[in-house]
Amino acid sequence: MSTRQAIRPASRTDGITYAVRDIVVLAEQVAQTGREMLYLNIGDPNKFDFATPSHMIEAAHRAMLDNQNGYTPSSGIKEARDAIARQVERQGIRGVRDIFVTTGASEGIEIALSSLAEEGDDVMTPAPGYPLYTAVLAKLKVRENPYLLDEANGWQPDLDDIAARIGPRTRAIVLINPNNPTGSVADRDTLLGLLKLAREHDLLVVADEIYDKLLYAGQKHISIASLDPDAPVITFNGVSKSYLAPGWRIGWGVVSGDQAVLAPLVEAMNKILRARICANSPLQYAVKPALEGPQDHLPVVLAKLERRAELTHRMLNAIPGISCARPRAAFYAFPRVQCDDDTRFVQELLKATGVVVVNGSGFRQAPGTQHFRVVYLPPEDVLEKAYRAIGEFMASYRPRA
């Protein structure tokens, strides 16, 4: 037995959690018992019947064969950045001040928040929202300031709640649109209201738009930066979701707005970009083919997802004790469940049925509510089996007194 003193970890890691993958620890234990597992927890299309478009793979392979395997400029290769510039122009975004390619949109988001906020500042994040922000802000010792999405109004950001929560040390508002975990799409009036609040309080808008092309019939995505060329906005996107290449870890950020306001922040971000060298070199050569090449995979993907969204909405709402708003985009649903504790609920569900979902508390759900997140990427037969199992579990589930 060692008598050496344990290495003390940094306190900045104390608040870091990531519920999406934390539940996998228990899932692995249950899988070892031989139970059939039904995974509805991680938004990776490539685990199911979706594949990266072949022309993107060919472009990356060709770059490797052409020995494009060394370092690139820290902000990314010109070909990729120019293609991103043309893409955001088509979206109506003007006043672009900088474009940078990163190791997934996640790295770009962390670089932006690290460059912006000091310890003791706060950043507003949607509740519910993606747990990356909780983890990054915990590491930075920046206070997460959650604002509510209104479940009764299709999970739209609650502008009154945002206004009430802005304080003297608030630095930014994060907008996830389309939203993970709810599958909602913010409407134009809500976006204009959010921009008005950001202008009044000199706040940066961090716009996470990674699901912007995964929209169902009748839905229109509006990039918030397109509504005001002077508003300071950083828009994040990448190839992970709409282009079915999550493991490539290629994302980007687009800074737009008033040049004088943004110049110091742009230089701060570029200091970090230079220090971390560059994103994956050969895979950057797939960005232009992704954005400007064939888009014929999207109708196929959307047809599958819309059917699975409808199935999810119908079957979950048929289960007593569960209610689910209709997803409008992406591949997530965020049903409300009658239980005493959503973390206990998903753990007991997993142990009893092998169905793996994620507790709503891992996404900063509204206080006093209980939810779980479903990823409906698997084929319909798998989803039907999982939802039947959830229904059977709910029939016998008894919350603790």
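Every read-out reported here was derived from the displayed coordinates using simple, explicitly stated rules and does not represent laboratory data. Keep in mind that this is a model prediction, so the values were computed, not measured. For neighbour counting, all protein chains shown are included, and Cβ atoms are generated from backbone atoms with ideal geometry for every residue, glycine included.
The table below lists the values:
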{"quantity": "Extended-chain gain in nm, criterion 0.36 nm per residue less alpha-carbon gap, R388 and I277", "calculated": "35.1 nm"}
{"quantity": "Qualifying aspartates and glutamates (Cα of each under 19 Å from Cα of K47; at least 8 residues distant if same chain)", "calculated": "D22, E28, E36, E306, E380, D381, E384"}
{"quantity": "Residue exposure sequence - S11, S75 - by fewest surrounding Cβ within 10 Å", "calculated": "S11, S75"}
{"quantity": "Ranked M394, M124, criterion: other C-beta atoms within 10 Å, fewest first", "calculated": "M394, M124"}
{"quantity": "Cβ charges +1 (Lys, Arg) and -1 (Asp, Glu), total dipole of the range 70-292, debye", "calculated": "780 debye"}
{"quantity": "The range 70-292: relative contact order in percent, alpha carbon pairs under 8 Å with at least 6 residues between", "calculated": "31 percent"}
{"quantity": "Estimated distance in nm for a label pair at D381 and M37, the labels positioned 7 Å out from Cα along Cα-to-Cβ", "calculated": "2.1 nm"}
{"quantity": "Net dipole in debye of the chain [+1 Lys, Arg Cβ; -1 Asp, Glu Cβ; about Cα centre; nearest 20]", "calculated": "680 debye"}
{"quantity": "Where Cα atoms sit under 24 Å apart: lysine pairs in the range 70-292 separated by 8 or more or lying on different chains", "calculated": "12"}
{"quantity": "Protection proxy ranking, peptides 138-151, 47-60, 176-189, average beta carbon neighbours within 10 Å, highest first", "calculated": "176-189, 138-151, 47-60"}
